[in-house]
Amino acid sequence: MPRNRPRTGPSAYAISSTPSKWVKAVTSTTSTARILGRILADHDWPGHRLVGPDGARAAWSIALHSDDNYALQRAATTLLGRAVQAGDALVQHWAHLHDRALVTSGRAQEYGTQFLLSADGIELCPLRAPGSVDARRATVGLPPLAVALKAVRRRYTPDSSADETPTVLLAGAA
């Protein structure tokens, strides 16, 4: 990952924790991403019919947090999109993953699901055509951006007791 990008994924949340926990989170993410890559190659997207809603959500979460493996993120986005069209996955998961892959590649997101948490607060990652974002969000069953931003701000606030608040990418609450 380029140095000028915020830390993302499960490892980002552990940065303020002990280094051993951070290393464990990074290793776990890398290992699960490899396994997901094999599953995608063998079965396409592991949708609700193959692995159930919990398994599909787990696969989505792994892909979402695989920022260090852009090829996996893009392949997962494509396959998840096909699963959505087949009625085998949630369109909201696709929108989050699509935005995450765009942000990971340095491009503006489409649906406004990706936020940055820094010492200055919560900010929306760059967004294509902000004036029409709520219409795009509605097409994929997401609430208006103002509602999502309020929920993210309620859920994630900088820990005032930490010496330094890490910059992380937030996706779960949007």
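Between residue 123 and residue 41, full extension at 0.36 nm per residue minus the direct alpha carbon distance yields a gain of 26.0 nm.
What number in nm² do you get for segment 42-86 if you take the convex hull of its Cα atoms and divide its surface by four? List each step's numbers first, then the result.
Working: hull surface 11.7 nm².
Reported value for the Cα convex hull: 2.9 nm².
How much length, in nm to one decimal, is gained on full extension between residue 49 and residue 70, taken as 0.36 nm per residue of separation minus their Cα-Cα distance?
Values: separation 21, 0.36 × 21 = 7.56 nm, distance 2.62 nm.
Going from the current span to full extension adds 4.9 nm.
Whole number in Å², please: accessible area per residue of segment 36-80, 1.4 Å probe, ligands, DNA and RNA not counted.
Details: 2200 Å² over 45 residues.
Per-residue accessible area for segment 36-80 comes out at 49 Å².
Equivalent-ellipsoid semi-axes for segment 39-117 (Cα gyration tensor, √(5λ), whole Å, largest first): 21, 13, 11. Its Cα gyration tensor gives segment 75-135 an equivalent ellipsoid; the semi-axes, largest first and in whole Å, are 23, 13, 10.
The values are calculated or read from the model by the stated rules, or taken from the named source; none is laboratory data. Model, not experiment: these values are computed from the prediction. When the accessible area is computed, the model is the full protein with side chains, heavy atoms only, and any ligands, DNA or RNA have been set aside. Shrake-Rupley method; radii C 1.70, N 1.55, O 1.52, S 1.80 Å.
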